[in-house]
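Q: Here's a structure for you.
The values are calculated or read from the model by the stated rules, or taken from the named source; none is laboratory data. Since the structure is predicted, the reported quantities are computational estimates derived from the model, not experimental observations. Don't worry about glycine lacking a Cβ; one is built from the backbone with ideal geometry, like all the others, and counts go over all protein chains shown.
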Amino acid sequence: MLKKRLIALIAAGAGAVTIATVAVSDFEGRSNKAYRDVVGIPTICDGYTHGVKMGDYKTDAECDALLRKELQASFSVVDSAVKVSISEPTKAALASFVYNVGAGAFRSSTLLKKLNSGDRIGACNELKRWVYAGGKKWNGLIKRRDAENWLCLQ
């Protein structure tokens, strides 16, 4: 179970990058062959979409490199946008969120406004609102946001 793995990582003092890597990998799953996500976007590896075409294939090593690159970009967004001090688990939750919804959505979100105004609990609870894709509520997003919310509140 993901939450048990996250608890163990937090107890061991793991950093945000390690925590987020485990969380994103669990949420996204991995497909070495391109597929269409729930809204029809060509996707590969661990939810990677940039420039992906149906028929593309990536090795596990290529997927690992893409995951590291995209998570690094997600952490950069969090680091530049968040103006208050946050815990490593909170940072991991936000990087996972950015990985999934994108930098623009995060930067313009009520979540970020609440966080930067000092309302960490309210900000973390905003995560639970982001459960729609293509205008439809998705169980996978509900589970992801519940886990991100829990992680954010640690």
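Here is a yes/no grid of residues against (1) modelled with pLDDT of 95 or more; (2) closer than 24 Å to Ala11 by Cα:
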position: Leu94; (1), (2): yes, yes
position: Ala103; (1), (2): yes, no
position: Phe106; (1), (2): yes, no
position: Leu111; (1), (2): yes, no
position: Arg120; (1), (2): yes, yes
position: Cys124; (1), (2): yes, yes
position: Gly135; (1), (2): no, no
position: Asn139; (1), (2): no, no
position: Leu153; (1), (2): yes, yes
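Q: If you don't mind, there's one more thing I want to ask. Out of curiosity, is Gly134 on the phi > 0 side of the Ramachandran plot and either in contact (Cβ under 8 Å) with a residue 60 or more places away in the chain or in contact with a helix residue (DSSP H, G or I) (Cβ under 9 Å, 6 or more places away or on another chain) (or both)?
A: When the stated conditions are applied, Gly134 passes them.
Q: Are any residues in the stretch 107-145 among the acidic types (Asp, Glu) and either out of contact with any Lys or Arg (no Cβ under 7 Å at 6 or more places or on another chain) or over 22 Å from Ser87 (Cα atoms) (or both), and if so, which ones?
A: The answer is Asp119, and nothing else.
Q: Tell me, which residue of the stretch 47-76 that is acidic (Asp, Glu) and touching a residue at least 24 places away in the same chain (Cβ under 8 Å) is nearest to Ile10 (Cα to Cα)?
A: Among them, the one singled out is Glu70.
Q: Is there a residue being hydroxyl-bearing (Ser, Thr, Tyr), under 15 Å from Ser25 (Cβ atoms) and within 16 Å of the chain's Cα centre (by Cα) anywhere in the stretch 49-57?
A: Checked the stretch 49-57: no residue is hydroxyl-bearing (Ser, Thr, Tyr), under 15 Å from Ser25 (Cβ atoms) and within 16 Å of the chain's Cα centre (by Cα).
Q: A further question on this structure: Before we move on, is Ser96 closer than 23 Å to Arg5 by Cβ, out of contact with any Leu (no Cβ under 9 Å at 6 or more places or on another chain) and either touching a residue at least 60 places away in the same chain (Cβ under 8 Å) or not small (Gly, Ala, Ser) (or both)?
A: Taking the combined requirement at face value, the residue does not satisfy it.
Q: Next up: Within the stretch 32-46, can you find the residues that are among the hydrophobic types (A, V, I, L, M, F, W, C) and either under 23 Å from Val22 (Cα atoms) or in a strand (DSSP E or B) (or both)?
A: Of everything in the stretch 32-46, those that are among the hydrophobic types (A, V, I, L, M, F, W, C) and either under 23 Å from Val22 (Cα atoms) or in a strand (DSSP E or B) (or both) turn out to be Ala34, Val38, Ile44, Cys45.
Q: From Lys136, Lys128, Lys143, Lys114, grab the single residue that is basic (Lys, Arg) and in contact with a Gly (Cβ under 9 Å, 6 or more places away or on another chain).
A: Of Lys136, Lys128, Lys143, Lys114, the one residue that is basic (Lys, Arg) and in contact with a Gly (Cβ under 9 Å, 6 or more places away or on another chain) is Lys114.
Q: Is it the case that Asp46 is under 18 Å from the mean Cα position of the chain (by Cα) and among the acidic types (Asp, Glu)?
A: When the stated conditions are applied, Asp46 passes them.
Q: Of these, Asn116, Asn139, which one is surrounded by fewer than 22 Cβ atoms within 10 Å (Cβ to Cβ) and farther than 24 Å from Met1 by Cβ?
A: Asn116
Q: Filter the stretch 79-92 down to the residues that are touching a residue at least 24 places away in the same chain (Cβ under 8 Å) and either of a type outside the set (D, E, K, R) or closer than 18 Å to Val24 by Cβ (or both) and list them by number.
A: Those that are touching a residue at least 24 places away in the same chain (Cβ under 8 Å) and either of a type outside the set (D, E, K, R) or closer than 18 Å to Val24 by Cβ (or both): Ala81, Val82, Val84, Ile86, Ser87, Glu88, Pro89, Thr90, Lys91, Ala92.
Q: Further question: Please work out which residue is surrounded by the fewest Cβ atoms within 10 Å (Cβ to Cβ), limiting yourself to the stretch 47-79 and to residues that are outside any helix (DSSP H, G or I) and in contact with a helix residue (DSSP H, G or I) (Cβ under 9 Å, 6 or more places away or on another chain).
A: Checking each candidate, the answer is His50.
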